[in-house]
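Report on the following structure.
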Amino acid sequence: MQHADQVAYLERMLRMVRTNTRDDGPGVSHTPVEGYYDPARYQREVDLLFRRYPIVAAFSSQLRKAGDFVVHNDTGQPILVTRGTDGVLRAFLNVCRHRGAAVEQKPCGANKRAFVCAYHGWSYDLTGRLIGITDGATFGDIDKSKYGLRRLKLAEKYGLVWVVPKALEDNEDASLDIDHFLGPLKADLSGWDMQGWELHSSEPLRPRMNWKLVIDTFLELYHFRYLHPGTVAPLFLDNIATYERMGNHMRWAAAKHSLTELEGQPKENWRIRDHAIVFYSLFPNTVLTYTQDHCGVFSSFPVAPDQSILQFSVLVPPEEKAKKPESYWKANVDLFANALVEDLGIGETIQKNFKSGANRQQTFGKFEKALGWYHQEVAAAVE
């Protein structure tokens, strides 16, 4: 985040404190409750957002060396990401071209030389090329070049690995212009550059709620005082946050109690991570949260109209990890995890109540404008 933007955000939030105002939008917005449970709408979202859009599927720290690999199944597509001996990172469908079994059973690993299907032993090198067919003579003159693993578009940048889960045809380009997709956010992610950051932890949660309802919990601070009084609410000023729409992505900041200490200090010394948490919504399903010394990554994936997987990961700069004991990082992870339990617990009750007939729509107040923006983007993409 550029320093000028940091100062502008901090000034806006200080002004809210002085005037007891909020970062209001032009008006109240709505989204129909059917969008959280309708099977047809759900399927359109899966077919479009989780097949044709770039999805954060891994982190650079998991894939630094040749033979490193990660398996990712949360989009509903079986994705295999691996780094070749040529240093190139590639993504494939984790599907043997013989009978469709997975060619890699483990969730991640290192020092891989080839992927061998456990069903019949067909083998593939790190570029996805079919290199071995057991009892190959029985398959006649089969052209191995036509039976390589199906490739996927991939981009690695800023410490994140994006994959488009839709299989490519043989002549399609597998490169992905992620900076074009990120648009205005690319400068910020470049500034935060997490290329060298380490994955501290990653945990899947399985709430019985629509995947968008999970994202909703991150898009406003209005609920903190009421839902999180013993976890994260004491860290923040009450509902002091500023929001910005950036293409179909978003950026916002939530003020800590130390914000008011900036009054009278030289603005050239202002640093937003000291006095706020900075959030980014990467469309369609990932939220990044930057604190003073780490980044939380929250990605929501669809399982069914009323079920999802929330992948909660923590990335840490190696110099920060070296300075602080493991107990410090565990306490930070536990704090976020406990708040998530509170969020998802009430979210599951909301999901159950959608079909009660009490409400035909969700209502978002003027300072909940990020929710309105987000659902507008989802609707525009699928409708």
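The values are calculated or read from the model by the stated rules, or taken from the named source; none is laboratory data. None of the values given here were measured: they were computed from a predicted structure. Positions of Cβ are backbone-derived with ideal geometry, glycine not excepted, and every protein chain shown enters the neighbour counts. In case anyone asks, the SASA skips ligands and DNA or RNA and just uses the protein heavy atoms, side chains included. Shrake-Rupley method; radii C 1.70, N 1.55, O 1.52, S 1.80 Å.
Scanning region 9-30 for residues that are among the hydrophobic types (A, V, I, L, M, F, W, C) and either modelled with pLDDT under 95 or in a helix (DSSP H, G or I) (or both) gives Leu10, Met13, Leu14, Met16, Val17. Restricting Gly35, Gly76, Gly67 to those that are at positive phi and over 19 Å from the mean Cα position of the chain (by Cα) reduces the list to Gly67. Cβ-Cβ distances below 7 Å connect the following pairs, each with a first residue in region 89-111 that is within 22 Å of Pro204 (Cβ to Cβ), a second residue that is open to solvent by 50 Å² or more (accessible area, probe 1.4 Å) and small (Gly, Ala, Ser), and a separation of six or more residues or different chains: Gln105/Ala118. Against the test of being surrounded by fewer than 16 Cβ atoms within 10 Å (Cβ to Cβ) and modelled with pLDDT of 95 or more, the options Tyr328, Tyr280, Tyr290 yield a single qualifying residue, Tyr328. Any residue in region 205-216 that is among the aromatic types (Phe, Trp, Tyr) and more than 23 Å from Gln62 (Cα to Cα)? Yes, some residue in region 205-216 is among the aromatic types (Phe, Trp, Tyr) and more than 23 Å from Gln62 (Cα to Cα). No other residue among Asp170, Asp179 is touching a helix residue (DSSP H, G or I) at 6+ places or on another chain (Cβ under 9 Å) and assigned to a helix (DSSP H, G or I) apart from Asp179.
Note on region 140-150: residues that are touching a strand residue (DSSP E or B) at 6+ places or on another chain (Cβ under 6 Å) and either within 24 Å of Gln195 (Cβ to Cβ) or free of Cβ contacts under 8 Å to residues at least 40 places away in the same chain (or both) total 1. Restricting region 109-146 to residues that are more than 38 Å from the chain's Cα centre (by Cα) and not in a loop (DSSP other than H, G, I, E, B) leaves a set whose member that is nearest to Asp86 (Cα to Cα) is Gly136. Take Val214 and tell me if it is in contact with a strand residue (DSSP E or B) (Cβ under 6 Å, 6 or more places away or on another chain), open to solvent by less than 20 Å² (accessible area, probe 1.4 Å), outside any loop (DSSP other than H, G, I, E, B) and closer than 30 Å to Ser123 by Cβ. So Val214 does not fit the description; no. For residues in region 44-71 being part of a strand (DSSP E or B) and in contact with a Lys or Arg (Cβ under 8 Å, 6 or more places away or on another chain), which is surrounded by the fewest Cβ atoms within 10 Å (Cβ to Cβ)? Here the residue is Val71.
Restricting attention to region 331-369, the residues that are open to solvent by less than 20 Å² (accessible area, probe 1.4 Å), in contact with a His (Cβ under 8 Å, 6 or more places away or on another chain) and under 14 Å from Val33 (Cα atoms) add up to 1. In region 370-381, the residue that is most open to solvent (accessible area, probe 1.4 Å) out of those that are among the aliphatic types (A, V, I, L, M) and under 13 Å from Pro32 (Cβ atoms) is Ala379. Scanning region 283-304 for residues that are under 15 Å from Asp216 (Cα atoms) and outside any strand (DSSP E or B) returns Phe283, Pro284, Asn285.
Taken across region 167-189, residues that are among the small types (Gly, Ala, Ser), at negative phi and touching a Ser or Thr at 6+ places or on another chain (Cβ under 8 Å) do not occur at all.
A single entry from Ala187, Ala155 fulfils the requirement of being open to solvent by less than 60 Å² (accessible area, probe 1.4 Å), part of a helix (DSSP H, G or I) and under 28 Å from His294 (Cα atoms): Ala187. The set of residues in region 24-40 that are open to solvent by less than 80 Å² (accessible area, probe 1.4 Å) and either touching a strand residue (DSSP E or B) at 6+ places or on another chain (Cβ under 9 Å) or within 15 Å of Gln77 (Cα to Cα) (or both) comprises Gly25, Ser29, Thr31, Pro32, Val33, Gly35, Tyr36, Asp38. In the set Glu261, Glu268, Glu244, only one residue is within 24 Å of the chain's Cα centre (by Cα), over 25 Å from Thr349 (Cβ atoms) and of a type outside the set (A, V, I, L, M, F, W, C); that residue is Glu244.
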